[in-house]
Structure formats: C-alpha cells, structure tokens
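We did not get these values from a lab; they are worked out from the coordinates using the rules stated. These figures come from a predicted structure and were not determined experimentally. Because the Cβ atoms are built from the backbone with ideal geometry, glycine has one as well, and the counts that use them run over all protein chains shown.
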C-alpha cells in the first residue's frame, strides 16, 4: 500500500511540474508579511523608496495587482494563518479580550481552525515562524507559534518596537529570551531574518522542505531606524504629498500596475494642502516620511539578506517566496502625525506618519488601514519561484483577484498535501480560499467565489467586477472595479438590483461567520467626506 501511494505521488508530481519530482524536491515556501505598508510603497508598485531586492523578486517572478488583505493586522494574520475569514478563527477584531464572550471576536485563534504551521507540519514540512504573532498568546502551549504547529519560532506577541527595549517580550521556541542573550544592538527587521536562516539550517539538516512564515512588525509605528538610513531620505519628500502622489500614479500607469482609465481620486479634503504648511512644518513632515522610508528600506535590506542566505545554501531556486502587507497605509497618526522624541527615529522616539503621507502610501486608492475601500484592503503581492514558475510569467503583472485566505490552500497544493477535517479531537472548518498554484504554472485562472470583509463596521463584498462597500455606517456604495478600481464613481443608484442582490449575499455571509453590529462612533481618520456618514447609534 505504501509503495503504491509513493508511485502515485511521483506520477502526479511529474504531471504537476512537467518533470520527475522527488519528495525531497518539494519546494520550500517563505511567506513574508509586512505591517502597515501601503499599496504603492515598494518600487515595483510605483513607489519612490528604493527597494531593489523586493523589485528583484518581482522581476524574477510575478506581481498580482488585485490581491487583498483583511484591512488590519490581527484579522489579516488570522486569515493568512488559517485560510478562513478572521471571524471564523475568532479574530474578527483584535488580539484583545474586549469581546471575549463573542466567539467571532474572542481575540485569539480558536480550536475550529488549524494554522498553516499545523497543516504543513502534518504534510511533512519543517515549519518556522519569526516575527510578530499578534493573534493572541494564551498559555505556554496554547495560542502561540510553538503551540500551533511551528517546529521553530522566534517571535514577539505583538511588536511595537524595533531596538533593544526593556518592554520587549521575545520568545525563542516558547522560552522568554533575555536581552543579554541577543546581539548587542539588535534591530527586529534584521533579527527575524537571521533567526529564520538559522532555523532553515535545521530544516536542511533533517532533510525536510520548510515553510517559513516571516511576519515583520515594520513599517508599523513607532517608526525607528538607524540614523545613517534615515539621513539618506531627508529632504526627499519636500515636494509634498500631492505632488509625490501624482508622480506615483503616473509611474503606476506606465508600469501597468493600474489602468490609465482609472482616475486618481481627489485627495481627502481633511488633509491640508502642502503649500499651506509653514516651512518648519514641512521639515517636520519630511522627517516623518524620511524615517518611514528608512524603515521600508531596511525591510528591503533584510529581504536581500534572506535571498543571499538562500543562494549561499543552494536552495534559492526551489524556494517559493510570497510578499504582501497586512493592511493599507496607516492614517492613525492623524492630520499631524506623531513626532515624539529629541532624535526622530531613535530608540526612545515615537513617530507615525500623518494622514497626508498615508494618502501617498495608498496611491491610487481611497482611504486607509481599518477600511474596506481599496486603500484599506489592497496589498502589493509578489511571488518568486525561479525553479518552478512558468517561464512566460517572469516579470509579469497579473490581475488575478487573490486574498490572504488563499495562502493556506496554495501551500497545501504546493505540498501535494491534505487539509485536515479534524485536529486534536476538534472538527475543523473547511478552507474558504482557493489555490493559485495553477496560476504559478502558467494556467489561466479566475476567482469563482465572492470575497467578503467586515472590520469595525467597515464592510464590503467583491464579486467579479462588482464591489459593494460601506465604511462606518455609510450607505452601501457600488463600484465596477473593472472600469473604476479607484472607486470614484458610485453607481449604486443606477443599479439597485445589483446592490440588493449583493447585500443579501453579504448578510448571509455575515450571519454565517458571526458578524455583530458595530456601535462605536467613527474615529477621527474615519471621517470620510464621501457619501453620507450615518450618525453613530442610528
């Protein structure tokens, strides 16, 4: 029976890749998730911040321009880890006990899901997690990387620091690590990669393919970076958010990231005109964005270190690397941004970009992190696999509608593995996503099922070219994303039957996953100035 199974597996593998495939040749997988980075911040998606190593992945692989996250860090991580909508995994809101008695919002991963670590571990992969966990951390063996299927882990519970910090809580394979055990001047962006490579060596030693989930806390605030990195960017943003946004938009059109017929939305009217700022305020705002750029640049450096480490080990060509962000650019700093500390970007400073820069981060889209307009949920997505990706896809830009719920089924498909219906005595919900492995192998693919969102009362549904969206109690809006991806023409009044049908389907989904009404007032950056915002409580 075992021999028969192995023969079948080898035959299928040969068909799958077009050549004989041995078990030990199954590709390694690295999933890189960055935190609070906008759609256009990397160079290969139109940004002015130099990201040569990320761009190299795109040039040797492919870019998906219609890929989505779940609008905020914790829910996106939950969906990526489980292949479910965040509510189904217990993470409809954040890693918090505010709604601990409501299953869909309990604040930590439940036992109705398996993580990508657990699933890939069962399919013969050596599983690794480094970086920001942020889906709850309950007990030594419970909701933790080491308790949810990762053979090796080096993680922080939530993040929010970059340098050696007395508040830092770091765990190495479940053991709390003291600062004295780590490099003297450690910086998290570098640390996650260096430990990831150490764990990869362990996978090589035991002869297993590996899955590495590399979850950065960058470029989430408080923005901090080495002074020599920040100095490279000072003065580079003095043109202001309006001009730089226009420049990004033009590059995106020229590169083929967006269609030239999609209008650039007017900048949010809450944001002051750059020319209205005092000279001192312009310098201050330039400083904020210079630190942000340095943090993004440092991510790129760490990815370069990862690529070089894989090449030195002779495993780069057969390693799949996926790169994405957990939500859109962050406007939580408000109109002015945060600027605390004598030396911006140093270990004791606390910086976050202002709403004007968040507008730039998300070019060409409307709104930001938290929201279900495209600015909140669209992520750049890059996929590289030198040995396996179809030759005709090298450097290509594809419009496939993907979602973080697709990562789990794609990895299971890559492993030629199984997804469990039961795990540790618990019934497991079926995956909601779809594998895009066929796309990687050069086959045409379209999404066959709708996508749904809800976070803090921000709601959306995407079905083919049509999208309905409602942010913080707005009336439902309707956009045709084929002709208007930037959501500038609300066509709800002209198409009431489409809106009615989609809202009915959304309500069925919301009941299925356990969405509850959102009864909190909008936050300052959630005053959209588009459509009518229904007063809180109505």
note = So residue 254 and residue 102, fully extended at 0.36 nm per residue minus their Cα-Cα distance, gain in nm 50.0 nm
query = Once you put a point 7 Å from the Cα of residue 511 and another 7 Å from the Cα of residue 232, both along the Cβ direction, what distance in nm separates them?
reply = 5.5
remark   = Contour minus Cα-Cα span, residue 205 to residue 503, at 0.36 nm per residue, comes to 102.0 nm
request  = Please give, to one decimal in nm, the separation of the simple spin-label points placed at residue 426 and residue 181, each 7 Å out from Cα toward the Cβ.
outcome  = 2.7
Read-out P(r) over Cα pairs in 10 Å bins from 0, in percent, derived from the coordinates shown; its label in (i) 4, 19, 31, 28, 15, 3, 0, 0; (ii) 3, 15, 22, 23, 18, 10, 5, 2, 0, 0; (iii) 3, 16, 26, 28, 18, 7, 1, 0 = (i)
query = How high is the FRET efficiency between residue 318 and residue 278 when r is their beta carbon distance and R₀ equals 51 Å, given to the nearest 0.05?
reply = 0.40
inquiry  = Full-extension gain between residue 266 and residue 243, please, as 0.36 nm times their residue separation minus the C-alpha to C-alpha distance.
reply    = 7.0 nm
inquiry  = Using the basic label-point model (7 angstrom from Cα toward the beta carbon), what is the residue 335 to residue 111 distance in nanometres?
reply    = 5.1
key: Residue-averaged [θ]222 nm for the chain, counting only DSSP H segments that reach four residues, each worth -39500 (n - 2.57)   = -9000 deg cm²/dmol
Relative packing of 414-427, 68-81, which averages over residues the other C-beta atoms within 10 Å, highest first = 68-81, 414-427
